[in-house]
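S.K.: Handing you a structure now.
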């Protein structure tokens with residue numbers, strides 16, 4: 001059986017990183033995406049895409065999940081404004 005696939009945007013941050021860990025613990029397959037890697041730990045995501053979501057090529061890449069059942073989105077404000 002293929003586990004439910006989840007996309008977590010902001011997976012490189014504190015909250016997003018914890019969300020990825022929680023979803024993995026519950027048995028989900030997780031694709032993480034962020035403009036930066038997690039600073040303090042290796043990501044628990046099954047797949048991690050490093051890129052800016054404002055870039056259309058990156059946005060297309062992260063959205064291509066076979067049989068998506070759930071999208072867990074996390075948004076945070078930019079430190080630059």
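The values are calculated or read from the model by the stated rules, or taken from the named source; none is laboratory data. Quick caveat: nothing in here was measured; it's all calculated off a predicted structure. Quick reminder, even Gly has a Cβ in these numbers, built from the backbone with ideal geometry, and neighbours come from all protein chains shown.
S.K.: For the range 48-73, what are the residues that are touching a strand residue (DSSP E or B) at 6+ places or on another chain (Cβ under 8 Å), over 15 Å from residue 4 (Cβ atoms), at pLDDT below 90 and not in a helix (DSSP H, G or I)?
M.R.: Of everything in the range 48-73, those that are touching a strand residue (DSSP E or B) at 6+ places or on another chain (Cβ under 8 Å), over 15 Å from residue 4 (Cβ atoms), at pLDDT below 90 and not in a helix (DSSP H, G or I) turn out to be 53, 73.
S.K.: Another question, then. Residues of the range 1-34 being surrounded by 16 or more Cβ atoms within 10 Å (Cβ to Cβ) and part of a loop (DSSP other than H, G, I, E, B), which ones?
M.R.: 10, 11, 12, 13, 28
S.K.: It is to be established whether one or more residues within the range 36-47 are part of a strand (DSSP E or B) and at pLDDT 90 or above.
M.R.: Yes.
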